[in-house]
Amino acid sequence: MKNYSKIFKWLLVIMIVISVALLVWGSSVGFEANNGQAVDVMFYWTYVMIGIAAVAVIGLGAVMGFKNNPKGLVKTLIGLAAIAVVCFVVYLISPGKPAMGMLEQPTQSTLRLTDTILNLTYIAGAIAIASIVVGEVVMSIRSKK
């Protein structure tokens, strides 16, 4: 396990060095020069870093979960499948209406994706509030007994 720690530390250092180099390059070139090329490169690097983080969290979580508790991994996969189904259903019911007050409208798929993300945010917020309320009620009932 000690070797993995060194590998992760060096990967982190490499990613930080690349990030700083891109920031210095973007600042020296100018973020508005070359039709915003520096901004595009920084966005792509951000996507790469988010992808690496997602793969690391999901991949390492799955490997460690399978090692420690194979039944728990199956439950996690069922939960991820349920979340994917909810996202798909929300996407299907999202209307994708034109944005108000914009002269140049985005594409229909962009509008639908935006509506999907907004609806998922509303659902996540409602679930968070409901879980807080239910948790407090259950805690107060248990403490009275």
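The values are calculated or read from the model by the stated rules, or taken from the named source; none is laboratory data. A quick note: this is a predicted structure, and the numbers were derived from the prediction, not measured. Here the Cβ positions follow ideal geometry from the backbone for every residue, glycine too, while neighbour counts run over all protein chains shown.
Overview of results
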read-out: Search result, residues across the range 1-55 that are among the basic types (Lys, Arg) and loosely packed, with under 10 Cβ neighbours inside 10 Å; value: Lys2, Lys6
read-out: Candidate set from the range 102-145 (those that are acidic (Asp, Glu) and surrounded by 10 or more Cβ atoms within 10 Å (Cβ to Cβ)); member that is nearest to Phe88 (Cα to Cα); value: Asp115
read-out: Number of the condition not met by Met102 [criteria: (1) at pLDDT 80 or above; (2) outside any loop (DSSP other than H, G, I, E, B)]; value: (2)
read-out: Number of positions in the range 56-87 that are exposed (fewer than 11 other Cβ atoms within 10 Å of the Cβ), of a type outside the set (Lys, Arg) and under 22 Å from Leu11 (Cβ atoms); value: 2
read-out: Breaking point among (1) assigned to a helix (DSSP H, G or I); (2) out of contact with any Lys or Arg (no Cβ under 8 Å at 6 or more places or on another chain); (3) charged (D, E, K, R), for Asp115; value: (2)
